[in-house]
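Notes for the one structure printed next.
The values are calculated or read from the model by the stated rules, or taken from the named source; none is laboratory data. From a predicted model like this one, the values you see are computed outputs, not experimental measurements. Neighbour counts run over all protein chains shown; Cβ positions are idealised from the backbone, glycine included.
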Amino acid sequence: MSKLSRNLYIPLSTAASIGGGLLAGKIFSTVWQQIDDNDPPDPQDLEQPMTSALVAAALQGVVWGVVRAVVQRAGAHSYQAITAERPPT
């Protein structure tokens, strides 16, 4: 892998990760609105039930993990299609 290819991959990967994070946040908000009419509970708010805080945290983790995997996979496929090289690891 050339140094130029590696230097191009890092900023593009970072930009894709930021976009993926924004997308994951939007997806989580949309899914949470289907579950509960209120905003997701703050884990530090002791007035909220523990189950609600844990469900929100678990859902947020699943959404973030899936979106992250999809974004990384799409980025790797795109990089390989453009450069005919495997992306750096």
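Do we have any residue at all in the stretch 5-27 that's touching a residue at least 60 places away in the same chain (Cβ under 8 Å), more than 16 Å from VAL70 (Cβ to Cβ) and of a type in the set (D, E, K, R)?
Scanning the stretch 5-27, I find at least one residue that is touching a residue at least 60 places away in the same chain (Cβ under 8 Å), more than 16 Å from VAL70 (Cβ to Cβ) and of a type in the set (D, E, K, R), so the answer is yes.
Mind checking which residues of the stretch 16-40 are of a type outside the set (Ser, Thr, Tyr) and more than 12 Å from the chain's Cα centre (by Cα)?
VAL31, TRP32, GLN33, GLN34, ILE35, ASP36, ASP37, ASN38, ASP39, PRO40, listed by residue number.
Please count how many residues of the stretch 1-15 are of a type outside the set (S, T, N, Q) and more than 20 Å from the chain's Cα centre (by Cα).
Matching residues across the stretch 1-15 total 5.
Which residues, taken from the stretch 41-87, are touching a residue at least 40 places away in the same chain (Cβ under 8 Å), over 10 Å from the mean Cα position of the chain (by Cα) and closer than 21 Å to GLY21 by Cβ?
Once the filter is applied, which keeps residues that are touching a residue at least 40 places away in the same chain (Cβ under 8 Å), over 10 Å from the mean Cα position of the chain (by Cα) and closer than 21 Å to GLY21 by Cβ, the stretch 41-87 yields ALA74, GLY75, TYR79, PRO87.
Listed residues THR89, THR83, THR30, THR51; which is of a type outside the set (A, V, I, L, M, F, W, C) and surrounded by 13 or more Cβ atoms within 10 Å (Cβ to Cβ)?
Criteria check complete, one pass: THR83.
Which members of the stretch 1-20 meet the condition of being at pLDDT 90 or above and touching a Lys or Arg at 6+ places or on another chain (Cβ under 8 Å)?
Answer for the stretch 1-20, where residues must be at pLDDT 90 or above and touching a Lys or Arg at 6+ places or on another chain (Cβ under 8 Å): SER17, GLY20.
If you go through the stretch 56-89, how many residues are in a helix (DSSP H, G or I) and more than 22 Å from SER29 (Cα to Cα)?
11
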